[in-house]
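Have a look at the structure below, then the notes.
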Amino acid sequence: MKDTSSTLSRRTLLEGLAATPTLTAAAASVAAQTPAKTAAEQAQAALKDAKATKLVLLGTGAGPGGQGPERTRKMTSHVMLSNGAAYVLDCGLGVTDQYARTGIPFPALRSIFITHHHADHNIEYGPLLVIGWINGMHLDVRAFGPPPLKQMTEDFMRAYKTTVDFWVEDLKMKPLVAVDVQEVSAAGPVTQDDNVKVSAIIVEHPPVKPALGYRFDFKDRSIAFSGDTAPSEAVAKMAKGADVLVHEAMYVPAIETYIRGEIAKGRPIKFEDLMAHMKADHTPVEDVGRIAQEAGVKTLVLSHLIPAFDGIGDDTWRAPAEKYFKGEIIVGKDLMVV
């Protein structure tokens with residue numbers, strides 16, 4: 001009988017070599033179809049075993065207006081993670097889900113800070129507390145913000161007492177009956193723990209009084225937040241020498257176009273009145289760059305974007321600030337880690 005083993009071996013080898021380009025192309029095609037990591041997955045990867053203090057932009061959109069399928073940015077909210085402890089600043093709609101998507105456990109939540117009482121900054125403050133509690137948040141969580149935050153918290157706890165009591169009965173949990181609230185009415189120190197020292201300033205956001213900006217001085221980095229404000233020297237002074245300044249930003253040409261569009265749709269507003277309001281309450285992106293340069297910060301993060309539409313490119317947001325600020329400029333996106 002003829003020995004065919006060497007023939008088969010050579011034939012198999014040649015066929016395999018011939019097929020290699022096809023297999024490689026197929027593998028490349030599969031790889032090309034593999035979806036990129038989601039923003040949540042990227043955030044989780046950046047936070048995993050993080051040693052340094054991290055800032056996560058949970059929501060980067062301004063205002064409760066303009067809600068619709070074309071708006072993908074959540075309302076304003078942030079979380080800072082340092083040494084395993086989480087500090088939330090502002091609680092716009094979506095903060096609870098966004099916090100969960102970062103992978104930061106709810107028992108890590110130590111404090112919540114509110115800049116002012118507009119819906120896009122406080123509407124989900126109460127729900128964050130209740131959902132956080134159900135998911136293991138410690139009962140000694142603290143809250144800071146302008147008056148009447150204490151009354152608001154008590155009212156919410158009273159409204160949701162029945163809901164909390166049902167879960168207490170079912171799950172044998174300690175009830176969430178109160179939150180330690182400290183109201184902030186003036187500039188100065190706010191609180192300090194083993195991770196961070198927090199201070200506040202008063203900013204210009206009429207008719208809201210007081211409206212606050214905050215600075216967080218961690219052991220390894222400092223992060224300042226403008227809150228909602230017209231151009232303010234107080235923000236530049238507060239942020240002096242900070243590593244990061246997160247500042248609201250308004251792109252005036254786009255907001256003008258948006259307002260004219262709303263009027264054309266029949267919305268009962270006057271262009272001059274609404275633009276006067278916007279200019280009295282918010283900061284054009286050019287001025288944001290000037291304030292960041294004056295403060296001497298390392299990184300400027302543009303957030304609470306006005307208007308909060310995806311159609312405005314990063315370069316369009318960045319260019320006006322670059323006229324004045326020579327450091328790093330980041331155009332904020334939801335779940336971005338800084």
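Please work out if Leu176 is over 14 Å from Ser111 (Cα atoms) and open to solvent by less than 60 Å² (accessible area, probe 1.4 Å). Spelling it out, Leu176 is indeed over 14 Å from Ser111 (Cα atoms) and open to solvent by less than 60 Å² (accessible area, probe 1.4 Å).
Of all residues in the stretch 197-230, those satisfying the criterion of being surrounded by fewer than 24 Cβ atoms within 10 Å (Cβ to Cβ), under 19 Å from the mean Cα position of the chain (by Cα) and not small (Gly, Ala, Ser) are Val198, Arg215, Asp217, Phe218, Arg221. Of the helices (runs of 4 or more DSSP H) lying entirely inside the stretch 267-338, those containing at least 2 residues that are of a type outside the set (Val, Ile, Thr) and more than 16 Å from Ser232 (Cβ to Cβ) are 271-281, 314-322.
Across the stretch 179-196, the number of residues qualifying as open to solvent by 20 Å² or more (accessible area, probe 1.4 Å), of a type in the set (S, T, N, Q) and farther than 23 Å from Phe156 by Cα comes to 2.
The set of residues from the stretch 231-258 being more than 17 Å from Gly61 (Cα to Cα), open to solvent by less than 50 Å² (accessible area, probe 1.4 Å) and either assigned to a helix (DSSP H, G or I) or in contact with a His (Cβ under 7 Å, 6 or more places away or on another chain) (or both) comprises Ala234, Val235, Ala236, Met238.
In the stretch 295-311, which residue that is modelled with pLDDT under 95 and out of contact with any strand residue (DSSP E or B) (no Cβ under 6 Å at 6 or more places or on another chain) is least open to solvent (accessible area, probe 1.4 Å)? Step by step, filter the stretch 295-311, then rank; the result is Pro307. Trp133 meets each of the listed conditions (1) more than 22 Å from Lys51 (Cα to Cα); (2) of a type in the set (Phe, Trp, Tyr); (3) surrounded by 24 or more Cβ atoms within 10 Å (Cβ to Cβ) apart from (3). So Ala43 clears everything in (1) modelled with pLDDT of 65 or more; (2) in a helix (DSSP H, G or I); (3) exposed (fewer than 14 other Cβ atoms within 10 Å of the Cβ) except one condition, right? Which one? The failed condition is (3).
Report yes if some residue within the stretch 257-274 is touching a residue at least 60 places away in the same chain (Cβ under 8 Å) and closer than 20 Å to Leu89 by Cα; otherwise report no. Break it down stepwise before answering.
So in the stretch 257-274, the residues touching a residue at least 60 places away in the same chain (Cβ under 8 Å) come out as 258.
Within this subset, residues satisfying the condition of being closer than 20 Å to Leu89 by Cα are none.
Among the residues of the stretch 257-274, not one is touching a residue at least 60 places away in the same chain (Cβ under 8 Å) and closer than 20 Å to Leu89 by Cα, which makes the answer no.
On the given criteria, is Asp165 assigned to a helix (DSSP H, G or I) and at pLDDT below 95? Answer is no for this residue. Of all the residues in the stretch 204-217, those that are assigned to a strand (DSSP E or B) and over 18 Å from Leu149 (Cα atoms) number 3. Cβ-Cβ contacts under 6 Å between residues 6 or more apart (or on different chains), taken from a first residue in the stretch 96-110 that is farther than 13 Å from Lys74 by Cβ to a second residue that is open to solvent by 50 Å² or more (accessible area, probe 1.4 Å) and in a helix (DSSP H, G or I), are listed as Gly103/Gln44. Per the listing Asp334, Asp314, the residue uniquely more than 21 Å from Ala230 (Cβ to Cβ) and buried (at least 20 other Cβ atoms within 10 Å of the Cβ) is Asp334. Among the residues of the stretch 275-294, the one identified as open to solvent by 50 Å² or more (accessible area, probe 1.4 Å), within 17 Å of Ala254 (Cα to Cα) and in contact (Cβ under 8 Å) with a residue 40 or more places away in the chain is Lys279.
The values are calculated or read from the model by the stated rules, or taken from the named source; none is laboratory data. On a predicted model such as this, the values are computed, not experimentally measured, just so you know. Positions of Cβ are generated from backbone atoms using ideal geometry, with glycine treated the same way; all protein chains shown enter the neighbour counts. Note: accessible area is taken over every heavy atom of the protein model, side chains too, but ligands, DNA and RNA are not part of it. Shrake-Rupley method; radii C 1.70, N 1.55, O 1.52, S 1.80 Å.
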